[in-house]
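Colleague: Got a structure for you, questions after.
The values are calculated or read from the model by the stated rules, or taken from the named source; none is laboratory data. Since the structure is predicted, the reported quantities are computational estimates derived from the model, not experimental observations. Glycine also receives a Cβ, built like all others from the backbone with ideal geometry; neighbour counts cover every protein chain displayed.
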């Protein structure tokens, strides 16, 4: 099997690492060779963060290069726009339509581009946009954005909801289980 | 059992399986998780030391006492530990001693891009270089065998992509080697000139013996390829890029031990291919070795010695074609890291900027005080350089310098190497003002305990170094403590201490806003009728504040209610029902 590639991008602090951790575990349980590459340290402080998940018969490089991503899962829409060069022709972008202003925009020295969703669609990929923040709030906490997006990502895999749920149960504290379950469901169904 | 592990976690697993009993390290991205993961094994004693030099010397002590030991650090940490490193090379070890060092090509979280492989050659210490997690585990175990067999410390060199990538490992059982006894051996362990002169030839002999070992070691292996027009020598994560780019097309000599390198094996490989190419990140280390062997070789003429490589880059430079995706024709604003909402460092930098001071900075989250709109830091070099540099800056400058210059340094960094600079300030009497940003944790590397927090690496309560008493004890008379959220008092105290005619320390104390035990009052509300859109609140660079249609808007998912923005608002538009008392 040819190596498959998913890039998970977002803003440091949004919980992108949990998504890659869960996905990595599930793929390993199917017997694939898996590599997951993370970013730690300074950029985690509100910077642009990227995680790579790769799986197949034999995976060499831990990173995804330009033109290689089958899918970009973006926790924020500007971050999806930043990494389109990494998408394979015809690849899929799953994107949280939430706008988080980077400091140059906050400070007024740069502008946040307008109509990004339309522009992403014009590039020719499959764009699946959703308001994950609203859905997370509906589930009970704005912090559950990562579970909403994981729920949406899960639609494109052939793992059952039960398999996903089992992986989530292993990774999140019990007191947040109900919230996370609901957030995952909302992402999956909406 | 097959499982996914970070490269760092796999090194820790290797330590565990090899029967390592003692770990002493200082945190630093991308090395930190080796020690954090090691600490999770109950059988392993693991600690954070005040700095890398102390950590390595402690690990040597444990080795001499007869236990397998480990010391981990980032690349710049090895500079701090270089003093013991070069002489441990002479004394050798008793039980196995392994040193983990993680480079950061691409400078994801570092102040320079040094190539630590040079240390192996310079200190004449063997260095293993894993290319994924499975090798990280295997090489950690092998390192102990080599350490004891060749009587040397062994370096394991990681890099960001190996340290912070998860890949599949198969774990084994812990095997505890027989405890070695400490036996007095002055000619080996007392490195004074007469003894060291006798040890140096032993070091050179050892390197030759290790080179012989490298000739036949299975970790230096050839992957055969169909097309011998080109043969590639590589190691570490670059091996993965080469295999990703070319699969089994070209033969590959993969070096698992980067120092000392084999000679005959490389010559034989070179003779079997038409063209020899070295693919390596940063400096041309393997390439230089090949040239020294008189081989015609290509390397840094193709690949930059700056930044990271990747599979596309390797493919392109060696004549392959790559496809890239479509990019948006749009200016995408950068998203640099910023201080978190509620960060206790933010307000101090606002005050320093307002007072138009020269600020000598240091290494930690607070280095972000250099970024716009705060832009309050003048220099950042290395751990401790703010305090030591301030002394020189004040001594060499005029009287005015002293009244206009401060050093800022975090609690962990101060203990690491700021306190020695402070001793210099007291001893040599410079009129310096040092601000310790005490956020009660080692922040940037992800919340590690340190000697000022009162907890150890395992999370148990322990002796807490009292910063005020420490500063007094080294001879600083004026020591003040402020709450950084209270900007007015901070400003007054900083002015007073700058005006004082003797050295002083200001401890700005408030725990990191991300610590779980820190309770926050909850988000600030904007009274949009009172808000005049003057943007005064924007000058602190808080990621939770933005301007929407001419009015301040608070992102309630980020805002913790520190109240600093409210202190800047002349119109009382930024408030909450739970107004904190420092307002």
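Colleague: Exactly one of (1) in contact with a strand residue (DSSP E or B) (Cβ under 6 Å, 6 or more places away or on another chain); (2) within 30 Å of residue B:541 (Cα to Cα); (3) facing chain B (nearest Cβ under 8 Å); (4) at pLDDT 95 or above is unmet by residue A:95. Its number?
Modeller: Condition not satisfied by residue A:95: (3).
Colleague: Name the residues in segment B:177-228 that are surrounded by 12 or more Cβ atoms within 10 Å (Cβ to Cβ), touching a residue at least 40 places away in the same chain (Cβ under 8 Å) and not in a helix (DSSP H, G or I), would you?
Modeller: Hits for segment B:177-228 are B:177, B:179, B:180, B:182, B:191, B:217, B:219, B:220, B:222, B:228.
Colleague: Let me ask something additional. In segment B:252-278, what residues are surrounded by fewer than 20 Cβ atoms within 10 Å (Cβ to Cβ), part of a loop (DSSP other than H, G, I, E, B) and in contact with a helix residue (DSSP H, G or I) (Cβ under 8 Å, 6 or more places away or on another chain)?
Modeller: Selection gives B:263 alone.
Colleague: While we're here: Run residue B:339 past the list (1) part of a loop (DSSP other than H, G, I, E, B); (2) closer than 30 Å to residue B:73 by Cβ; (3) modelled with pLDDT of 95 or more and report the number of the one that doesn't hold.
Modeller: The failed condition is (3).
Colleague: Looking only at segment A:73-87, which residues are within 9 Å of another protein chain (Cβ to nearest Cβ) and touching a helix residue (DSSP H, G or I) at 6+ places or on another chain (Cβ under 6 Å)?
Modeller: Within segment A:73-87, just A:81 meets the criteria.
Colleague: Could you check, for segment B:364-378, whether at least one of its residues is more than 19 Å from residue B:536 (Cβ to Cβ), touching a strand residue (DSSP E or B) at 6+ places or on another chain (Cβ under 6 Å) and part of a strand (DSSP E or B)?
Modeller: no
Colleague: Follow-up question, since we're still on this one. What is the number of the single condition among (1) under 27 Å from residue B:109 (Cβ atoms); (2) within 11 Å of chain A (Cβ to nearest Cβ) that residue B:300 does not meet?
Modeller: All conditions pass for residue B:300, except number (2).
Colleague: Would you point out which residue out of B:337, B:333, B:344 is without any contact (Cβ under 8 Å) to a residue 60 or more places away in the chain, within 30 Å of residue B:490 (Cβ to Cβ) and out of contact with any strand residue (DSSP E or B) (no Cβ under 6 Å at 6 or more places or on another chain)? Steps first, answer last, please.
Modeller: Numbers: B:333 fails: within 30 Å of residue B:490 (Cβ to Cβ); B:344 fails: without any contact (Cβ under 8 Å) to a residue 60 or more places away in the chain.
Every option except B:337 fails the conditions.
Colleague: Then there's this: Helices (runs of 4 or more DSSP H) wholly in segment A:26-142 with at least 3 residues that are within 21 Å of residue A:12 (Cα to Cα) - which ones?
Modeller: By residue number, A:77-82, A:103-106, A:132-139.
Colleague: Another question about this same structure. Can residue A:68 be described as in contact (Cβ under 8 Å) with a residue 40 or more places away in the chain, in contact with a helix residue (DSSP H, G or I) (Cβ under 7 Å, 6 or more places away or on another chain), surrounded by 23 or more Cβ atoms within 10 Å (Cβ to Cβ) and more than 20 Å from residue A:126 (Cβ to Cβ)?
Modeller: no
Colleague: Condition test on residue A:179, is it more than 12 Å from chain B (Cβ to nearest Cβ), modelled with pLDDT of 90 or more and either surrounded by fewer than 19 Cβ atoms within 10 Å (Cβ to Cβ) or in a loop (DSSP other than H, G, I, E, B) (or both)?
Modeller: Answer is yes for this residue.
Colleague: Same structure again: Tell me which residues, restricted to segment A:117-132, are within 9 Å of chain B (Cβ to nearest Cβ) and surrounded by 21 or more Cβ atoms within 10 Å (Cβ to Cβ).
Modeller: Selection gives A:120, A:125.
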